[in-house]
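J.: The following block contains the structure, expressed as structure tokens.
No lab work stands behind these numbers, since they all come straight from the coordinates. Since we're looking at a predicted model, the values are computed, not measured. Quick reminder, even Gly has a Cβ in these numbers, built from the backbone with ideal geometry, and neighbours come from all protein chains shown.
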Amino acid sequence: MPRIAPTDQIPRRPKALRWIAPIVLCLVPFAVYWNSLAVPFFFDDQAAVVKNATLRNLSAWETVLAGPAGGTGASGRPIVNLSLAVNYAIGGTTVTGYHLANLLFHIIGTLALFGLLRRSLRTPLLRERFGADASLLAFWGALLWSVHPLQTESVTCVIQRTELLLGMFYLLALYGFVRGATEGTKRWTGLGLVCALLGMATKEVMVSAPLMVLLYDRTFLAGSFAGAWRARRLTHLAFAACLLLLAVLVLRAGGTRGEAAGFGIGVPWWMYALKQCEAIWLYLKLSFWPHPLVVYYGIDVIRDPFAVWPEILGLVALVTGTVVALARAPVLGFVGFWFFAILAPSSSVIPLATQTVSEHRMYLPVLAPLILALLAGHLLAGRRSVAVFALLALAGALISARRNTDYRSPLTIWNDTVAKAPRNPRAHVNLGSALQAAGAGDDALAHYRTAAALEPNSAAASNNIAGILLDRGQAADAIAYAEAALRTDPALDVAHNNLGSALLRLERVNEALKHLQQAIALSPEFAEAHCNLTSAYTQLNQTALAIEHGRRALQLKPDFALSHFFLGNAYRQAGQPDAARAEYETAVRLNPRDAQAHSNLGGLLYQAGRAAEAIPHYEAAVKLQPDFTDAHNNLASALFQTGRPEASITHYRTAITLQPDNLGARLNLALVLSRLGRQAEAAATYEAILRIAPDHAGAKAGLAPLRNGTTAPAPR
């Protein structure tokens, strides 16, 4: 295969740039994104990484390559899921490794872009105007792209490595083709083909790569489609054949990627297309003025074409200009085609239900306006434009580094999003979730109610309101909201769990069981649902099933205090007090404010003859929950057993005050009073019991010895 441009005809790079440029292109992005390495998993990361069971065993490669169901960022994208599985095998869910991998993919893509730009500017079509400064312009183009603030979402959000991997493979595929074509070496062409295949298994946007390779050949190398076909038809056929892998993956996913994208997901294609007319102009604006940046724009569509008629006309003009330029100004046409071809799969007529506008979709397309501006600046000012490029790169780096600080916690990023998009209901839901996790339940509830007002059928808002009400002990009110969430989204696992939990608290165990089982059917690794099933089966005296689900919950979430408590209850019911005591001890260690866990642990210690050890747990229970009648009663009994009868009387009387019909506390009080020789008070207490329950055998038996002058037994 003949070379297109022999190396002796191409101006060489300045020697300094040969090694300085790649180093700078590695170090600058690393410095810019250094403060993103500790950004926690959030939003789409939860489903795609934290809850993604297919990552857990790297050796089960079939499961890893199949990926998770449900339309996550890794669904139907084997290479993305494989990369996450490698991260998990190395460091579990320690987030730093995932960010380092993202940054590595971004840097490799930057280096590939540098090489591609340099070689493109040295092709015969552009050599006369830009060849002498090809390396310099390629360096600034790659650097500006790598630090552009629009890239922050792709680099900083873990699951957006779909864009990073796509960009890396797309650029490497084109770079491999160019080197193979210009140098006549099969190994570079082979690299391009391998990267094209990997890209097809990374993201559906790769569909345009074979056409882009052909158009590049026609524009920069062969000069015509016929010439490109004559010179490299087998290469182009090989790139086109890579589409077969993408077709298989799309068909295997049913064409909708788990109901996240496609024509069969309930979003009218024409409404989505109208929204994209607006979105594309927003993308172009952010390319030149990246403010404000919003991590989540929501799922709005546009129903009235007249609402966006200026955008439609402008877009028609841009597309028309691109088509004309393809024939009359091939370089401009190539750049325009790059922009539209890469955006088309996500920003045309194919609906994406989870987000109708997303900044990360501009990861590769932003190259089009950026490179046009770069070349225009060089044509206007020559090498003096370098000062402007340097200032822009510095500004981009500072803005990107500052933007990363917004991601430092879910609370900060969702506060930022709500401030910039106050009518975005899902942003309010996500901010509410972050506030709830931070313990600000009232503020969280306010944002959930705002979301429900903005989107009355919001399943997420209704479900989260149910969760807040459950936390407040308002189970009956929570049921209505959980049911409303399920009317909108019958497959919402968390709503089934919340409804089941509420029904459990109202002792409607059989009804609760159905919803908890449905939650597990929808999400087999839903630790909270397994936890609630432990309680449900315990209440139904099905201890074997209760223990099974309790253990499963703790496998999934080892530090889940409530699961330890419920499993302790199951062990106690199964007659395994030592196992129960161990679970209660773990529960109070993980959650020292759980009054019931303290009380239950105290009960087991008391029953084991360790009354002195039980007392601190009973005292903790009544301190945490002053109206805890049983804890007062049991504390009183333990105090009496350890020689503190006067203190025991105080707690028995507190129990009786809290629950006047608590005959057990009254009977124990009478027994203590009798043992202390306070016969009149004891007799009065027994008589009070008999007034409530005239046939109470214990009161009658206790009162008789007092009348005979004998001593009562010790309290229980």
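J.: Set Lys and Arg Cβ to +1 and Asp and Glu Cβ to -1, take the dipole of the chain about its Cα centre, and tell me which of 249, 647, 556 lies farthest positive.
T.: Looking along the dipole axis, the top candidate is 249.
J.: Could you tell me which residue out of 381, 312, 702 lies farthest along the dipole of the chain toward its positive end? Charges go on the beta carbon: Lys and Arg +1, Asp and Glu -1, centred on the Cα centre.
T.: 381
J.: Obtain the nm distance between the two label points defined at residue 53 and residue 240 by a simple spin-label model: each point lies 7 Å from its Cα along the Cα-to-C-beta direction.
T.: Placing both labels 7 Å beyond Cα along the Cβ direction yields 4.3 nm.
J.: Divide by every residue of the chain the summed helix terms, -39500 (n - 2.57) for each DSSP H run of at least 4, and state the resulting mean residue ellipticity at 222 nm, rounded to the nearest 500 deg cm²/dmol.
T.: Helices in the chain give a 222 nm mean residue ellipticity of -22500 deg cm²/dmol.
J.: Would you please classify the overall shape of the range 464-506 from the alpha carbon gyration tensor, given that a ≥ b ≥ c denote the square roots of the eigenvalues, rounded means a/c under 1.5, and beyond that prolate means a/b larger than b/c while oblate covers the rest?
T.: prolate
J.: What angle, in degrees between 0 and 90 and rounded to the nearest 10, separates the Cα long axis of helix 645-658 from the longest principal axis of the Cα atoms of the chain?
T.: It works out to around 70 degrees.
J.: Turning to a different aspect of this structure: Angle check, please: helix 441-454 long axis (alpha carbons) against the longest principal axis of the chain (alpha carbons), in degrees 0 to 90, nearest 10.
T.: 50
J.: Under the definition of Cα pairs under 8 Å and six or more residues apart, what whole-number percent is the relative contact order of the range 90-230? Write out the running numbers ahead of the final one.
T.: Details: 156 pairs, mean separation 31.5, N = 141.
Relative CO of the range 90-230 lands at 22 percent.
J.: In what sequence, highest mean first, do 283-293, 64-74 appear when ranked by Cβ atoms within 10 angstrom?
T.: On the way: 283-293: 15.5, 64-74: 22.0.
Ranking the peptides 283-293, 64-74 by packing returns 64-74, 283-293.
J.: Just list whichever of 203/420; 514/557; 285/420 have alpha carbons separated by over 21 Å in the model shown.
T.: Beyond 21 Å: 203/420; 514/557.
J.: Can I ask one more? I need the peptides 379-389, 675-685, 149-159 ranked by packing, meaning the mean over residues of other C-beta atoms within 10 angstrom, with the highest value on top.
T.: 149-159, 675-685, 379-389
J.: Quick one: dipole size for the range 16-402, taken about the Cα centre, charges +1 on Lys/Arg Cβ and -1 on Asp/Glu Cβ, in debye to the nearest 20.
T.: In total the dipole reaches around 1180 debye.
J.: Using a cut-off of 14 Å between beta-carbons, work out the net charge of the residues near residue 531 (Lys and Arg +1, Asp and Glu -1, residue 531 not included).
T.: Computed value for this residue: -3.
J.: Express in % the proportion of alpha carbon pairs of the chain at distances exceeding 45 Å.
T.: On the way: 98160 of 255970 pairs.
Tail of P(r) above 45 Å: 38 percent of Cα pairs.
J.: Which whole-number percent is the relative contact order of the chain (Cα, under 8 Å, 6+ apart)?
T.: 8
J.: Among 539, 326, 454, pick out the residue whose Cα is farthest towards the positive end of the charge dipole of the chain, where Lys and Arg carry +1 and Asp and Glu carry -1 on C-beta, about the Cα centre.
T.: The Cα lying farthest towards the positive end belongs to 326.
J.: Two-decimal Rg/Rh of the range 445-600 from alpha-carbon positions, Kirkwood Rh?
T.: Numbers: Rg = 15.8 Å, Rh = 15.7 Å.
Rg divided by Rh gives 1.00.
J.: At a 10 angstrom cut-off on C-beta neighbours, averaged per residue, how do the peptides 425-437, 324-336 rank from highest to lowest? Present the calculation step by step, with values, prior to reporting the outcome.
T.: On the way: 425-437: 23.7, 324-336: 16.5.
Top to bottom by mean Cβ count within 10 Å: 425-437, 324-336.
J.: On to the next question. May I ask you to compute the full-extension gain from residue 510 to residue 442, defined as 0.36 nm times their residue separation minus their alpha-carbon distance, rounded to one decimal in nm? Present the calculation step by step, with values, prior to reporting the outcome.
T.: Details: separation 68, 0.36 × 68 = 24.48 nm, distance 3.18 nm.
Contour length minus Cα-Cα distance gives 21.3 nm.
J.: Would you please give the FRET efficiency between residue 252 and residue 384, computed as 1/(1 + (r/R0)^6) with r the Cβ-Cβ distance and R0 = 41 Å, to the nearest 0.05?
T.: Given R0 = 41 Å and the Cβ-Cβ separation, E is 0.15.
J.: Note down the net charge around residue 475, summing +1 for each Lys or Arg and -1 for each Asp or Glu among other residues with Cβ under 11 Å from its Cβ.
T.: Neighbour charge sum, excluding residue 475 itself: 0.
J.: Using 1/(1 + (r/R0)^6) with R0 = 30 angstrom and r between the beta carbons of residue 692 and residue 627, what's the FRET efficiency to the nearest 0.05? Could the numbers behind the result be given before it?
T.: On the way: r = 20 Å, r/R0 = 0.68.
Step by step, r from the Cβ atoms, then E = 0.90.
J.: Kindly write out, for the range 515-526 in residue order, the coupling ³J(HN,Hα) from the Karplus curve 6.51 cos²θ - 1.76 cosθ + 1.60 (θ = phi - 60°), rounded to whole Hz, with x marking Gly and Pro.
T.: Once rounded to whole Hz, the list reads 6, 5, 5, 5, 4, 5, 4, 6, 9, x, 9, 7.
J.: Right, next: At a Förster distance of 25 Å, what's the computed FRET efficiency of residue 402 paired with residue 93, Cβ-Cβ distance as r, to 0.05?
T.: Using R0 = 25 Å, I get an efficiency of 0.40.
J.: Just how large is the dipole of the chain about the Cα centre, in debye to the nearest 20, putting +1 at every Lys and Arg Cβ and -1 at every Asp and Glu Cβ?
T.: 2600
J.: For residue 307 and residue 419 in one chain, what is 0.36 nm times their gap in residues minus the Cα-Cα distance, to one decimal in nm?
T.: Extending this stretch completely gives an extra 37.9 nm.
J.: Based on C-alpha coordinates, I'd like the Rg and Dmax of the range 189-246, in Å.
T.: Rg and Dmax of the range 189-246, Cα atoms, are 11.2, 31 Å.
J.: Using only Cα atoms and rounding to the nearest 10 degrees, what angle (0 to 90) does helix 629-641 make with the longest principal axis of the chain?
T.: Its long axis makes an angle of about 60 degrees.
J.: What does the charge add up to near residue 570, with Lys and Arg as +1, Asp and Glu as -1, over the other residues with Cβ less than 15 Å from its Cβ?
T.: The answer is +1.
J.: Name the shape class, rounded, prolate or oblate, that the alpha-carbon gyration tensor gives for the range 16-402, where a ≥ b ≥ c are the square roots of its eigenvalues, rounded holds for a/c under 1.5, and otherwise prolate holds if a/b is larger than b/c and oblate otherwise.
T.: The shape class here is rounded.
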